[in-house]
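Here is the structure we will look at.
Each reported figure results from applying straightforward, stated rules to the coordinates on display, with no laboratory input. All values derive from a computational prediction rather than experimental measurement. Neighbour counts run over all protein chains shown; Cβ positions are idealised from the backbone, glycine included.
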């Protein structure tokens, strides 16, 4: 064990600086200290010992930008707080610790006929992270966000201990914690609703489309009939993009045995030259071609339908050493021309990528003070980080978003300006009184100027 | 009629063939149930609908694990709160196990402690405490359970030692000697229990990410406890091999380390 012993020779008092990355692997940031509580009873000690604005709870680090980072300060890694505490078969309410992953919940409960009320595009996030970012999924139009299904949260606070938040007590704190980016405290335990499903299968349908209008028509037509809708978009095509519309419902149980697959793992960051406008364009053409060929209805497993990217572990290394930025915005539906302008600018830049995801949000009321989803069209796109020209493109996209009255998603962001944050979340100051005095994040300091 | 049933209980033949072919891991006692590796083992056993008896110090933490394991499918989870490092408490633990779990078939010893080597060099108290926890108390409690399994001529004893016990190194020889002592103890015990058909498994993990190793820089590169737990459960289930290195690469690393001649080894600072 050479590594271990080399470490032993260092004086124990030196706090180890660790470079912890978010999913986008940009920005590269070092942290002073990463606490890894194994039990909820250890969290108060950590909070007591911390100085003001010095720590941030973290789950599996699947936020793309810096909302899960805390440069030169500390993190509380909640991954070991991963116990499921109870499940009520009659109501479907699950109670678990904040660090339980959605993957774990699916593994335990899907065989019993229960599924997540809302799931993002990856199952490798924690319950605490899903609440803190108030994540949405392909069923936003009928189920709202994850936070809408949370019944109760127990929150470790540095100044007032363990706070129970539900509809009867500390409702404001519950409202602030949902979408609160981890700033209101460490989620010790959460109670939330699971939903009954017949099995792991999805009745899915693939429909190719060629214009934005046909996407909207498809989306409207599908909303009433399909629980899940989303589209993949070829962003090289400009304002009239081609794409594939995916829609589905949980299928009746067919007695077919489901075998989970464990996909390959990307072992290292790909060289950057491999990802260029020609290779990506070729990929998009192939992807479109294959899916347009497969169009129509079929039964697929839940993991293929919800989590296609989870099948390649560490897919974020695809974008090379410098990492990547994800751009997810929402634009009000009446500003369709702004949306077209956005697509035009991306196509013109030639920097688009293969992961263009388009979804029409429903009109559910926001579950948290800083919830991102709101009525309109949302698009999420990855851009390999190539320095200033990538950032310049994003600033030009920001202009369009800001003028249209749209918003950017904090969980995906590593560079939005304070002005755009203000425009996206005009009421962000309402969360300030609920922020734990010992908590802060790189994101929060960047967009609000807090210290 | 009754006598016949007692002498040859129904299903006895089936049970003995099952013991030969399908390994049994139905009633498991975990000593040191709140250790990082034990937590992973318990989950995997819960998925296999085992019955578990968990022994650890904190009643509150035991209650949390119990809740988790029951949701995950454990048929039954009993808990007993005691300090395993204290030999006076062993009789109580053993009596409870005999009473609540008379037909236990597997015992996993998973507790341990690792101080900073420098501290054990400077303080005899810390040195003795480390030897007490990692070797003396472990040998003591294993002896109780071993005798019971030997008498019943069934079951499996598994204990987590460490690759650090394979050779005394400058930087970690106190922990290493305690774990090495435990490995030798298990080796002898294996031979003693072999005629009684009781399996003894020595588990030697490499460095694993856990609260015990968090203070070591680069701990993020250590083995994933989930993987280690998986290896342990598979080994206990199959009752083979006798000595498990996990992750497997450590078998080869330690073979190489053991081949270094002492005249050279004593000059190495790792």
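Would you mind ranking A:348, A:156, B:230 so that the residue whose beta carbon has the fewest other beta carbons within 10 Å leads the list?
The order, fewest Cβ neighbours first, is A:348, B:230, A:156.
On average, how many beta carbons from a partner chain sit within 10 Å of the beta carbon of a residue in A:83-89?
5
Over all directions, how big on average is the projection of the convex hull of the alpha-carbon atoms in segment A:201-415, in square nanometres?
Computing the convex hull of the Cα atoms and averaging its projections yields 12.7 nm².
Counting only helical runs of four or more DSSP H residues, what would the 222 nm mean residue ellipticity of chain B come to if each run contributes -39,500 (n - 2.57) and the total is spread over all its residues?
That comes out to -14500 deg cm²/dmol.
Could you please state, rounded to a whole Å, how far the C-alpha centre of segment B:97-115 is from the C-alpha centre of segment A:203-219?
Each part's Cα centre sits 59 Å from the other's.
Obtain the radius of gyration and the Kirkwood radius of segment B:203-251 from its C-alpha atoms and give Rg over Rh.
Ratio value, two decimals: 1.02.
If you rank B:264, A:312, B:126 by fewest surrounding Cβ atoms within 10 Å, what's the result?
By the 10 Å Cβ count, ascending, the order reads B:264, A:312, B:126.
Normalised by the residues of chain B, what does the relative contact order come to in percent, with Cα pairs under 8 Å and at least six apart?
Values: 440 pairs, mean separation 47.2, N = 270.
Contact order relative to length: 17 percent.
For B:25, A:439, what's the fewest-to-most ordering of other Cβ within 10 Å of each Cβ?
Lowest to highest Cβ neighbour count: B:25, A:439.
To the nearest Å, what is the center-to-center distance of segment A:15-59 and segment A:142-202, using C-alpha atoms only?
Value for the Cα centre distance between the two parts: 21 Å.
Which whole-number percent is the relative contact order of segment B:137-187 (Cα, under 8 Å, 6+ apart)?
31
With the calculation restricted to Cα positions, what are the radius of gyration and Dmax of segment B:134-265 in angstrom?
15.4, 48
Using the Cα atoms as the points, what is the convex hull volume per residue of segment B:224-270 in Å³?
Cα-based convex hull of segment B:224-270, divided per residue, equals 81 Å³.
Over the Cα atoms of segment A:160-288, what is the Rg over Rh ratio if Rh follows Kirkwood?
Computed over Cα atoms, the ratio is 1.09.
Across the protein assembly as shown, what fraction of all alpha-carbon pairs, as a whole percent, falls in each successive 10 Å bin from zero upward?
Reading the bins upward from 0: 3, 13, 22, 23, 19, 12, 7, 2, 0, 0.
In whole Å, what are the extents of segment A:84-197 along the principal axes defined by its C-alpha atoms, from largest to smallest?
Ordered largest first, segment A:84-197 gives principal extents of 41, 27, 25 Å.
Find how many whole Å separate the alpha carbon centroid of segment B:120-146 from the alpha carbon centroid of segment B:240-270.
After rounding, the separation between the Cα centres reads 23 Å.
Give or take rounding to whole Å, what are the principal axis extents of the alpha carbon atoms in segment B:24-265, in descending order?
Principal extents (largest minus smallest coordinate, Cα): 52, 40, 34 Å.
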